[in-house]
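S.K.: Below: one structure in structure tokens.
The values are calculated or read from the model by the stated rules, or taken from the named source; none is laboratory data. Worth saying up front: this structure is predicted, and the values here are computed from it rather than measured. Here the Cβ positions follow ideal geometry from the backbone for every residue, glycine too, while neighbour counts run over all protein chains shown.
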Amino acid sequence: MSSTAARRRKAAVRQSRRNAGPPKKIKAKGIWSIGDRIGVVVAWVSGLLLCIIAASITLFMGWKGIQYVTWDVVSNSPVASLEQAKTGGFLDPIIGTLLLTILGGLIATPVGVAVALWLTEYGRPSPLARFVEAGVEVIAGTPSIVLAIFGLLIYQQGFMAPFSFTAVGGEVFGRSFFAAGAAMSLIALPFVVGGTREGLNSIPKHIREASYALGKDKASTIRRVLLPSARRGIATGSTLGIARIAGDTAVVVVLLGASLQISPEGTIPGLDVLRGTGSTLTSYVFVNSPAGEGNAPEKAYAAAFVLLMIVIVLNLVVSRLTKKGQHVWG
């Protein structure tokens, strides 16, 4: 009896479907509200405006700078003169820029990677981890001039004399590539920490579990699995930090002296340069710009163009090297 009732219900359902005919097509209607459409338009306009601004800066500096970039200005040291034709070139600021970025990067990268590894993979004790995270955020938000003044206070102490420019009477000035590089490393540190943590957090949990299942301890997993996998994030953070170092001026003026030429201190080759004072391309551009006192605007444009090219080349090289380390996790 129940089977007969079930067959009757199925037959009734089929009959109702035949009577209803094919399903009617529902006319698609716009599902975006006015607010959503306005948001998309604003996003597109903002993105295009950013591209236009970046292109304008690059093209303007290229047009102004390439007119005055010659082998003479790149290969000669700057000279103090009231006539632009007699002010020499900016070889010393180029060397100073490279020294400062290398020194700051060598300090910031290992320290930043170590901090990021501890925060991401250990984070114990929790109060200390929260304190370290807050410290990184404070450093990221501190103006570079404040870091420079703090560095000057430290390096003016007598025990810092081996790392600083010292007068004949023994007075420690607190200015050197060592001092400027240490302060610059603080500027780059938050970028390295952020990039490394982002790279580590993008690694799925099962990758770590697979390493532990193969008998690897935590230290071996970090060294052989996590660090190679997070290489792209580390490189990105380091590049951003180096770019900030290359573009800063306040630290150079306070802790490096912003002198025209590199002035070594001491008799040990190599170490004497790091203990001495000098300048970078940023301070050279500032002094010789139309708003500065160097009275060499053409060479300021040329130096700005060279600095822009250095930053672009650094980004291209790092991007090329990190493509091989990119992972797509399934």
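S.K.: Which one is modelled with the highest pLDDT, of the residues in segment 108-136 that are more than 23 Å from residue 231 (Cα to Cα) and not in a helix (DSSP H, G or I)?
M.R.: My answer is 125.
S.K.: Let me confirm something: among 82, 117, 98, which residue is of a type outside the set (D, E, K, R), surrounded by fewer than 20 Cβ atoms within 10 Å (Cβ to Cβ), closer than 19 Å to residue 277 by Cβ and over 15 Å from the mean Cα position of the chain (by Cα)?
M.R.: Just a single option satisfies the conditions, and that option is 98.
S.K.: Additional query: Within segment 294-303, track down each residue that is in contact with a Gly (Cβ under 6 Å, 6 or more places away or on another chain) and either part of a loop (DSSP other than H, G, I, E, B) or small (Gly, Ala, Ser) (or both).
M.R.: 302
S.K.: Then there's this: Looking at (1) at pLDDT 80 or above; (2) in a helix (DSSP H, G or I), which is the only condition residue 315 fails?
M.R.: Unmet for residue 315, out of (1) at pLDDT 80 or above; (2) in a helix (DSSP H, G or I): (1).
S.K.: Where the second residue is of a type in the set (Ser, Thr, Tyr) and at pLDDT 75 or above and the first is closer than 19 Å to residue 259 by Cβ and lies in segment 290-317, which pairs have Cβ atoms under 6 Å and are six or more apart or on separate chains?
M.R.: Within 6 Å, the pairs are 296/87; 300/289; 303/284.
S.K.: Helices (runs of 4 or more DSSP H) wholly in segment 179-293 with at least 3 residues that are surrounded by 24 or more Cβ atoms within 10 Å (Cβ to Cβ) - which ones?
M.R.: Passing ranges, in order: 231-247, 281-288.
S.K.: For segment 53-107, give me the residue count where each residue is closer than 21 Å to residue 270 by Cα and either hydrophobic (A, V, I, L, M, F, W, C) or assigned to a helix (DSSP H, G or I) (or both).
M.R.: Going through segment 53-107 one residue at a time, the tally reaches 19.
S.K.: Please determine whether any residue of segment 197-204 is out of contact with any helix residue (DSSP H, G or I) (no Cβ under 9 Å at 6 or more places or on another chain) and under 20 Å from residue 234 (Cβ atoms). Outline the logic, then answer.
M.R.: Initially, segment 197-204 is screened for residues out of contact with any helix residue (DSSP H, G or I) (no Cβ under 9 Å at 6 or more places or on another chain), giving 204.
Okay, now just the ones that are also under 20 Å from residue 234 (Cβ atoms), so 204.
Among the residues of segment 197-204, at least one is out of contact with any helix residue (DSSP H, G or I) (no Cβ under 9 Å at 6 or more places or on another chain) and under 20 Å from residue 234 (Cβ atoms), which makes the answer yes.
S.K.: Further, regarding this structure: Can you say whether residue 310 is within 22 Å of residue 155 (Cβ to Cβ), surrounded by 15 or more Cβ atoms within 10 Å (Cβ to Cβ), modelled with pLDDT of 80 or more and aliphatic (A, V, I, L, M), as far as the supplied structure shows? I'd like the intermediate steps shown before the answer.
M.R.: Numbers: within 22 Å of residue 155 (Cβ to Cβ): no; surrounded by 15 or more Cβ atoms within 10 Å (Cβ to Cβ): yes; modelled with pLDDT of 80 or more: yes; aliphatic (A, V, I, L, M): yes.
Against the criterion (within 22 Å of residue 155 (Cβ to Cβ), surrounded by 15 or more Cβ atoms within 10 Å (Cβ to Cβ), modelled with pLDDT of 80 or more and aliphatic (A, V, I, L, M)), residue 310 does not qualify.
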